[in-house]
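This report refers to the structure that appears directly beneath it.
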Amino acid sequence: MSLSRERNVYGAFTKELETGKIAPIYVFAGSEPYLIQQATDELVRRALPEEARDLNLDRVSLKDWDTKRIITAVLTYPMMAERRVVVVEDAEDLPPASVEVWARYAKKPSPTGCIIFQARGVRLGNKAEKRFRPFEESPHARCYEFRPLYDSEAVQWVLERVKSRGKTLQPEAAQLLVEQVGTGLNALANEIDKLLLALGDGERIDAELVRKIVVGARGYTVFDLQDALAETNLSKCLLIVDQLLELGTKPTTVVFQLATFYRQLALMWQAMRRGLGEKE
């Protein structure tokens, strides 16, 4: 049951873990794989002491394990531990034919087992997605969908991650990093590692270091520049222009595209003044 619809889904998940209760079934879905893996690692850490994992933790793939074998594993009594944990790492490939079997299990799961489904790219609560419905409806299951962060959330995540590594990051540098790399947390984590390596014994990452070290992964185009102009985001406009020129885009090309953009805006404004509809 309990499909978390809070914006800060990971925060809701960790808050529930802090109560000390471990559910028999977890579904970690959505399009942010970094948070899916982070939630899995945190759950395993809390569910099993490290010395018990060799005997009581299975990380399995549907390519190698069928439904019967997975259920047998989670039903197996733990050895010198409170529970067994089974992680299904590619649950997005859960076969539709297995739904009835899992529906029965969800009604009466193992009291000494915890199964974690990592369902990357799966949207929960979707009428077309029936494979995970038995878990969404089960009082024994906890379902979380991790979605991409907004830019502002990604900036905060970057600041907190750098702080957790014992360093500080200028807010402008965090903003610049997200603008260059995007909001994907795997990519941001990789770039933060590069920045920390380049920082060495220093204490503070500034915008200049971000410009020097980070290679933009978004691949800005003139159309991104048009969007930034429409948002009146001057700092982003300057960043995009710098990157376009560094990548070899001719200044005349940028100017021509912007002139076309402003001409289209002028035509739209004139049409609106005349009261013409969108199609006209």
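Numbers for the structure displayed
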{"item": "Failed item in (1) crowded, with 21+ Cβ neighbours inside 10 Å; (2) closer than 19 Å to His140 by Cα, with Asn56 passing the rest", "result": "(2)"}
{"item": "Every residue from the stretch 12-52 that is in contact (Cβ under 8 Å) with a residue 24 or more places away in the chain, over 24 Å from Gly121 (Cα atoms) and not β-branched (Val, Ile, Thr)", "result": "Arg46, Ala47, Leu48, Pro49, Ala52"}
{"item": "Of all residues making up the stretch 93-134, the number that are in contact (Cβ under 8 Å) with a residue 40 or more places away in the chain and either closer than 20 Å to Val44 by Cα or hydrophobic (A, V, I, L, M, F, W, C) (or both)", "result": "15"}
{"item": "Complete set of residues in the stretch 119-135 that are touching a Leu at 6+ places or on another chain (Cβ under 7 Å) and basic (Lys, Arg)", "result": "Arg131"}
{"item": "Yes/no for Asp54 being acidic (Asp, Glu) and either over 17 Å from Val27 (Cα atoms) or out of contact with any Ser or Thr (no Cβ under 7 Å at 6 or more places or on another chain) (or both)", "result": "yes"}
{"item": "Sole exception among (1) modelled with pLDDT of 85 or more; (2) of a type in the set (Lys, Arg); (3) assigned to a loop (DSSP other than H, G, I, E, B) for Arg263, by number", "result": "(3)"}
{"item": "Test: residue in the stretch 230-241 that is in a loop (DSSP other than H, G, I, E, B), modelled with pLDDT under 95 and loosely packed, with under 13 Cβ neighbours inside 10 Å", "result": "yes"}
{"item": "Of the criteria (1) free of Cβ contacts under 8 Å to residues at least 60 places away in the same chain; (2) among the aliphatic types (A, V, I, L, M); (3) farther than 18 Å from Ser31 by Cα, which one Ala154 fails", "result": "(3)"}
{"item": "Matching residues, the stretch 169-190, being buried (at least 21 other Cβ atoms within 10 Å of the Cβ) and either charged (D, E, K, R) or under 22 Å from Ile36 (Cα atoms) (or both)", "result": "Val178, Glu179, Val181, Leu185, Leu188"}
{"item": "Candidate set: the stretch 115-142, residues that are within 21 Å of Ser61 (Cβ to Cβ) and touching an Asp or Glu at 6+ places or on another chain (Cβ under 6 Å); chosen: the one surrounded by the fewest Cβ atoms within 10 Å (Cβ to Cβ)", "result": "Gly121"}
{"item": "Among the residues listed as Arg59, Arg45, Arg69, the single one being out of contact with any strand residue (DSSP E or B) (no Cβ under 7 Å at 6 or more places or on another chain) and under 30 Å from Val158 (Cβ atoms)", "result": "Arg45"}
{"item": "Some residue of the stretch 71-86 being closer than 19 Å to Arg133 by Cα, in contact with a Lys or Arg (Cβ under 9 Å, 6 or more places away or on another chain) and either surrounded by 21 or more Cβ atoms within 10 Å (Cβ to Cβ) or not assigned by TED's automatic domain parsing to the domain that holds Thr14 (or both)", "result": "no"}
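The values are calculated or read from the model by the stated rules, or taken from the named source; none is laboratory data. Small disclaimer: the values here were computed from a predicted structure and weren't measured. Positions of Cβ are generated from backbone atoms using ideal geometry, with glycine treated the same way; all protein chains shown enter the neighbour counts.
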